[in-house]
Every structure is written in C-alpha cells, then in structure tokens.
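Here's the structure, in structure tokens; my notes come after.
The values are calculated or read from the model by the stated rules, or taken from the named source; none is laboratory data. Being a predicted model, the structure only gives us computed values, none of them experimental. Ideal geometry is used to build each Cβ from the backbone, glycine not excepted, and the neighbour counts take in all protein chains shown.
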Amino acid sequence: MAFYKQFKAFFLSISVVAFVFLIWDELFTQIGVWGFNPKYLTGIYIGHLPLEEVLFFFCIPFASLFIHYSLAYFKPKWLIADRNVTRISIFLFLLVLVAVLYNIPAKYTSVNGVFFLILVLWTFFKPNNELNRFYLSFLIILIPFFLVNGILTGSFIDEPVVWYNNSENLGLRIGTIPVEDVFYAFNMLYPTLMFTKFFAVKFNL
C-alpha cells in the first residue's frame, strides 16, 4: 500500500478536522451534554477535555480510515453503483432530517444531525465524492467502532468512561451507544477523507 506516502496530507487533514471537533467537544463538555469518568483517566486535562479525549481525534481517524484505504487497495472493485449511492444518501438525509426536527431542542441530536445533513447535501454537488467506496468501508469500520465505543459507554465495565446526558439526545441506544454516535463518526471520518484528497492535490503532498 505504501500508505506512508500519504502521511503528510493525511495528518494535516486529521489536524484540521480535530481542531473543529475539539472546539465542539469542549463546548459540549462545559454545558454537560457529555462528560468523562475520572476513574479511568490520567488526570491530565487540556481545558475541560482529558488528554485521552484529545488523542481520540487523532488515533480513531487514523485507525478507521486505514481500514478504508486498505479496502481500496486490496478490494478495488468493492464499489456501490452511483444510483444506489444516491438512494442511500437520500434515505439517510431524510432519516436524519426527521430525527433533528423531532428532537431539535436536544443539542447532540440537532448539532450532529445538521452537520451530517450539510455533508450529505455537499456530496450531491461534488463529483468523485468517494461515497461509492466509503459507505461500504464505513460499515466495516462500524464493527470495531461498536466494540470500542461500547466499552467507552459502559459495556463490559462497571461504569462508563464517557457518559451522555439523555435529555440532549434521542435516548435511543445501540447497546450502550447513543445512536447519534454513528453519525458523529461519519461526520468525523468523511471530511478527514475528503480533506486528505484535497491537500494531496492542492499542496502536492
């Protein structure tokens, strides 16, 4: 794969997306949308965020998108037809739009949902948007995602590492994971992928 050749563009992209998500994370932590259990932490904080949470936005995109690039290399024919990509996007757009309108006072649902809606709208006007490959790889990424995030939200351990204020989300959980986390993962990973392509071309990285 020689993935190291993409490291400059990849880590620049991760850093840009992490910057946005860390601001979001800091604000939501301050107002109690979610929080962290000090029992599992080193006690080192940057603002209101534990060091482990800051590292999350670098480690998880790297590990997750490495799956995407691996599939692109080893299974180049694993693609969804363009017409089916459009159908999937329209379905997800309508699903999330209904969820946001239904639960708009809830900050995690509304902010996360609006971010997702903007991303999907953008893909309708963006050629070569990679969704015919990313939708498939994202399904595979969700397997380790559910395992890791399940533990972080309290599966298999005495207390959750990360707790959520249910008044700020739909209250629907996949095991112990708020359903919004699936779209949060998409919102974090997909822009990282697209920024990597942009930086690679723009700056010849």
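A single entry from Phe28, Phe57, Phe3 fulfils the requirement of being in contact with a Phe, Trp or Tyr (Cβ under 8 Å, 6 or more places away or on another chain), touching a residue at least 12 places away in the same chain (Cβ under 8 Å) and exposed (fewer than 15 other Cβ atoms within 10 Å of the Cβ): Phe3.
Within the bounds of the range 176-198, is there any residue that is assigned to a loop (DSSP other than H, G, I, E, B), free of Cβ contacts under 8 Å to residues at least 40 places away in the same chain and closer than 28 Å to Pro50 by Cα? Taking every residue of the range 176-198 in turn, at least one turns out to be assigned to a loop (DSSP other than H, G, I, E, B), free of Cβ contacts under 8 Å to residues at least 40 places away in the same chain and closer than 28 Å to Pro50 by Cα.
Before we move on, is Ser110 more than 13 Å from the chain's Cα centre (by Cα), at pLDDT 95 or above and either within 20 Å of Phe36 (Cβ to Cβ) or loosely packed, with under 15 Cβ neighbours inside 10 Å (or both)? Give the steps one after another, and end with the answer.
Details: more than 13 Å from the chain's Cα centre (by Cα): yes; at pLDDT 95 or above: yes; either within 20 Å of Phe36 (Cβ to Cβ) or loosely packed, with under 15 Cβ neighbours inside 10 Å (or both): no.
Here the answer is no, as Ser110 does not meet what is asked.
The numbered conditions (1) hydroxyl-bearing (Ser, Thr, Tyr); (2) outside any helix (DSSP H, G or I); (3) over 18 Å from Gly35 (Cα atoms) are all true for Ser155 except (3).
Kindly indicate whether any position in the range 24-34 is part of a loop (DSSP other than H, G, I, E, B) and of a type outside the set (A, V, I, L, M, F, W, C). Taking every residue of the range 24-34 in turn, at least one turns out to be part of a loop (DSSP other than H, G, I, E, B) and of a type outside the set (A, V, I, L, M, F, W, C).
Every test in (1) in a helix (DSSP H, G or I); (2) farther than 29 Å from Phe195 by Cα is passed by Val54 save one, and that test is (2). Trp122 passes every criterion in (1) of a type in the set (A, V, I, L, M, F, W, C); (2) more than 21 Å from Leu49 (Cβ to Cβ); (3) assigned to a strand (DSSP E or B) apart from (3).
Listed residues Arg173, Arg133; which is farther than 24 Å from Ile31 by Cβ and at pLDDT 95 or above?
Details: Arg173 fails: farther than 24 Å from Ile31 by Cβ.
When all the criteria are applied, what remains is Arg133.
When the range 119-137 is limited to residues that are within 14 Å of the chain's Cα centre (by Cα) and free of Cβ contacts under 8 Å to residues at least 60 places away in the same chain, the one that is surrounded by the most Cβ atoms within 10 Å (Cβ to Cβ) turns out to be Val120.
Results for (1) over 17 Å from Asn187 (Cβ atoms); (2) among the charged types (D, E, K, R); (3) out of contact with any Gly (no Cβ under 6 Å at 6 or more places or on another chain); (4) not in a loop (DSSP other than H, G, I, E, B), shown as yes or no for each residue.
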position: Phe58; (1), (2), (3), (4): no, no, yes, yes
position: Tyr73; (1), (2), (3), (4): yes, no, yes, yes
position: Arg83; (1), (2), (3), (4): yes, yes, yes, yes
position: Phe116; (1), (2), (3), (4): no, no, yes, yes
position: Lys126; (1), (2), (3), (4): no, yes, yes, no
position: Pro144; (1), (2), (3), (4): yes, no, yes, yes
position: Asn149; (1), (2), (3), (4): no, no, yes, yes
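Annotation: of all residues in the range 69-101 being closer than 17 Å to Leu121 by Cβ and hydroxyl-bearing (Ser, Thr, Tyr), the one that is surrounded by the fewest Cβ atoms within 10 Å (Cβ to Cβ) is Thr86.
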